Each structure stands twice: as structure tokens, then as C-alpha cells.
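**Student:** Okay, handing you the structure first.
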Amino acid sequence: MSRRRRGRRRVLGPVVSLALLGLVTAGCAIPTESGPSGIAPSHVPFNLLSPVLPTTTTTQPRASSLVPVKIYLLASSGQLTGVDRVVQSPAPLASVITALLAGPSSSEVDNHMSTAIPNNVTVLSATPSAQGVVTVNFNDAFGLITGTAAEQAVSQVVATVATQVGLGTGVIFEISGQRTSVPIASGAQVPGPVYLLQFIP
């Protein structure tokens, strides 16, 4: 009789152990719900309530990165006329001159404005000095401008530079790195620097 009881205990022992293991496992199971539910803010891991978005390496320039400048075109009378343009900040002088070389817009052409500078002219550099003089280096096409157009082209550049840098600024002209003489209002050819006052009657 005692042997049967001991044998039954051996058989029932593993069964009870399995039952207890099942209860423990059920208690540790991940609960599931039919739909999403809210989480209290106190249970949200740090920084997930206000995450920092990752930055990207490609950004589009904003309107605030453009600055207004003034260039000088020619009115129907041939007089210098200032018009507004916008260039990328911080507006290096070469960019301002490049805006000048782009010539008048279609609406400005409709208003009888023009330029004496051909569209094949490009600025290679524009270098200011501590003496209030700016050296502007153009490609060879600028040196091919002749006659009255040459004087007008020089005056457009000088007025644009002086307005950007200072009205007393002188301009030295170079063609492909070589200093060149340019005409002023009196008709004389001068090696520069050239000043805005030399084009004002």
C-alpha cells in the first residue's frame, strides 16, 4: 500500500509541475488588445515626447538668403538708370556685376531700357583693395566693345560698383588679367582708376 502511494506521488509530481509552469507562463505573456491604446506621459521613454528630427545634408536656399542690390542700365536717352536685382547673400561684388551682365528683363526692355554690354561678356573676378579701388577683370569680349557703347559699358560697371561699395570708389579695368585703358565721358582713354564723377555731366 505504501509503495502505491509513493508511486502515485512520482506520477503526479511532474503533472503538478507542468500545471504550475503553465500558470507562470500565462502570467508573463504579453497582453494583446483589439486596438491601440494611450500611454501615460510618465511611462514614455525620455525624449520620445519631443523627439529631435534628424538634419539633412541637402537644404534648399531660403528667400532670406537673397539680398537686394542695384545695377545700372541705360534709359532710352542713354542716361544711367538704377534698377533692382537680388543676388545670393552675402552678395560678392562679382555676383553683382554678373547680375549687371545679364542685362535688362523683358519688362525693362518694354520700358525702353537697354545695356551697352554684350551678353558674351563675363566677369572673371572683382577684387577690392584697401585704397578704395576695385579691380574688375573681364574676358576678352569686353575689350571688343567700341565707340559710344564702350563708354556706356564702362559707366554701367563703374556706377554699379560705386553704388555697391561706395560712391568714391575707383574702378580699374582688366581684360583677361591685363590692365586696360577705358573711355570716360570726355572721350579720353584713361588707365584708371575710373570714378563715377567722370561720367556725370
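**Student:** What is the calculated FRET efficiency for residue 65 to residue 114, with r their C-beta to C-beta distance and R₀ = 35 Å, to the nearest 0.05? Spell out each step's value before the answer.
**Tutor:** Working: r = 30 Å, r/R0 = 0.87.
With a Förster radius of 35 Å, E is 0.70.
**Student:** A further question follows. Once both labels are modelled 7 Å past Cα along the beta-carbon direction, what's the residue 131-residue 149 spacing in nm?
**Tutor:** That separation, rounded to one decimal, is 3.3 nm.
**Student:** Shifting gears a bit: Using +1 on the beta carbon of Lys and Arg, -1 on that of Asp and Glu, and nothing else charged, what's the dipole of the stretch 84-194 about the Cα centre, debye to 20?
**Tutor:** Working: 2 positive and 6 negative charges, 47 e Å.
For this selection, approximately 220 debye.
**Student:** Next question, about the same structure. Spelling out what I want: for every residue of the stretch 72-82, take phi, set θ = phi - 60°, compute 6.51 cos²θ - 1.76 cosθ + 1.60 (Karplus), and round to whole Hz; glycine and proline get x.
**Tutor:** Karplus-based 3J(HN,Hα) across the stretch 72-82 equals 10, 10, 10, 6, 4, 7, x, 6, 5, 9, x Hz.
**Student:** Using a basic spin-label model with each label point 7 Å from the Cα along Cα→Cβ, how many nm lie between residue 88 and residue 197?
**Tutor:** 3.7 nm
**Student:** Which number comes out as Rg/Rh for the stretch 87-157 once both Rg and the Kirkwood Rh are worked out on C-alpha atoms? Provide the component values of the computation, followed by the final result.
**Tutor:** On the way: Rg = 13.1 Å, Rh = 13.2 Å.
We get a ratio of 0.99 for the stretch 87-157.
**Student:** Using 7 Å Cα-to-Cβ label points, what is the residue 77/residue 105 separation (nm, one decimal)?
**Tutor:** Placing both labels 7 Å along Cα→Cβ, they lie 2.4 nm apart.
**Student:** Another question, if that's okay. Counting only protein chains, not ligands or nucleic acids, how are 86, 182 ordered by accessible area (probe 1.4 Å), most first? Walk me through the numbers on the way to the answer.
**Tutor:** Values: 86 95, 182 5 Å².
Largest to smallest exposure gives the sequence 86, 182.
**Student:** Now for a separate question. Direction-averaged shadow area of the convex hull around the Cα atoms of the stretch 133-201, nm²?
**Tutor:** About 4.1 nm², averaged over all directions.
**Student:** Taking the full set of protein chains and a 1.4 angstrom probe, give the accessible area of residue 155 in square angstrom, rounded to the nearest 10.
**Tutor:** 10 Å²
The values are calculated or read from the model by the stated rules, or taken from the named source; none is laboratory data. Predicted, not measured: the structure shown is a model, and the values here were computed from it. A quick note on method: Cβ atoms are made from the backbone with ideal geometry, for glycine too, and the neighbour counts reach across all protein chains shown. Keep in mind that these areas ignore ligands, DNA and RNA; they rest on the heavy atoms of the full protein, side chains included. Shrake-Rupley method; radii C 1.70, N 1.55, O 1.52, S 1.80 Å.
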